[in-house]
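The values are calculated or read from the model by the stated rules, or taken from the named source; none is laboratory data. What you are looking at is a predicted structure, and each value in this text was computed from that prediction instead of being measured. Cβ: placed from backbone, ideal geometry, glycine included. Neighbour counts: every protein chain shown.
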Amino acid sequence: MYIPDYDKALYFTLWGQWDDLLILMVRTNDDLLSKKIEVFLHSFHYKNDEQAVMHAHEELLQYIDHAMAYTPVATMEV
C-alpha cells in the first residue's frame, strides 16, 4: 500500500514523531514539504521563542493541508 508523503507528514507532526519526520524530510521528492519540515524541526529544537515554533508548526500543517487537497486520487489509491 502506498501512503503519500503528506499523510505521513501529517501523522508524524500530530503525534510528535520527530525522528520519522526527519527521515521523511530527507526522502521526500517534494522540495517544499522538505523545507517546511526543516524549518519546523529547526525552530522546535533551537529556538526559545514559542511563537516562532507555533508559526513554523502552523505553516507546515497549512502546506500539508494545501498539498493534500491537490493530490490526485489515483496516487492515493492502491
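If you go through region 1-18 and keep only what is part of a helix (DSSP H, G or I), without any contact (Cβ under 8 Å) to a residue 24 or more places away in the chain and either within 16 Å of HIS57 (Cβ to Cβ) or in contact with a Phe, Trp or Tyr (Cβ under 9 Å, 6 or more places away or on another chain) (or both), you end up with TYR11, PHE12, LEU14. Within region 60-71, none of the residues are exposed (fewer than 15 other Cβ atoms within 10 Å of the Cβ) and more than 13 Å from TYR6 (Cα to Cα).
Can you tell me how many residues in region 28-41 are in contact (Cβ under 8 Å) with a residue 12 or more places away in the chain and either surrounded by fewer than 19 Cβ atoms within 10 Å (Cβ to Cβ) or of a type in the set (Val, Ile, Thr) (or both)? Residues flagged as in contact (Cβ under 8 Å) with a residue 12 or more places away in the chain and either surrounded by fewer than 19 Cβ atoms within 10 Å (Cβ to Cβ) or of a type in the set (Val, Ile, Thr) (or both) within region 28-41 amount to 8. I'd like the full set of residues that are of a type in the set (Ser, Thr, Tyr) and either at pLDDT 90 or above or touching a strand residue (DSSP E or B) at 6+ places or on another chain (Cβ under 6 Å) (or both), limited to region 39-78. The answer is SER43, TYR46, TYR63. Go through region 40-59 and report how many residues are more than 13 Å from LEU22 (Cβ to Cβ) and in contact with a Leu (Cβ under 9 Å, 6 or more places away or on another chain). Within region 40-59, residues that are more than 13 Å from LEU22 (Cβ to Cβ) and in contact with a Leu (Cβ under 9 Å, 6 or more places away or on another chain) number 1. Does at least one position in region 22-30 carry a residue that is acidic (Asp, Glu), at pLDDT 90 or above and assigned to a helix (DSSP H, G or I)? Within region 22-30 (the criterion being acidic (Asp, Glu), at pLDDT 90 or above and assigned to a helix (DSSP H, G or I)), the answer is no, since none of the residues qualifies.
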